[in-house]
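Here's the structure we're looking at; comments come further down.
The values are calculated or read from the model by the stated rules, or taken from the named source; none is laboratory data. It should be emphasised that the depicted structure is a prediction, and the values quoted were computed from it without experimental measurement. Virtual Cβ from ideal backbone geometry, glycine too; neighbours counted across all protein chains shown.
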Amino acid sequence: MEKINQVWFYVKKYKYLLASLFFIVWIFFIDQTGIMFKRKLNKEIKSLKDKKEFYISDIKKNEKYYQDLLTNPKTKEKLAREEYFMSKDNEEVFIIVDKTKDN
């Protein structure tokens, strides 16, 4: 009984300090909208913004290439030769496959 009274005495004496510590622990670690949760969300937002910038630049690059395909016949020919292995009349195309590469 003596120990319970002693603990209760310290609880009453330091009630504001204990309440503050409990509040800080709650806000930082336990609460769903706590600081740790917000930190995780901020990291995810930054990652998504980086991906967005990458895809926007990739889209611009592809749009430029598409416009070049529509206007430049040499680009069309290059695409047809490299991607679809097409050839001109009286011309042979040899495809060399590298067997050391894993496709």
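Taking the range 54-103 as the region of interest, how many residues are loosely packed, with under 10 Cβ neighbours inside 10 Å and among the acidic types (Asp, Glu)?
7
Say we look at the range 1-39 and pick out the residues that are loosely packed, with under 10 Cβ neighbours inside 10 Å and part of a loop (DSSP other than H, G, I, E, B); which of these is modelled with the highest pLDDT?
Met1
Say whether the condition of being among the aliphatic types (A, V, I, L, M) and not in a helix (DSSP H, G or I) is met by at least one residue in the range 45-67.
No, the range 45-67 contains no residue that is among the aliphatic types (A, V, I, L, M) and not in a helix (DSSP H, G or I).
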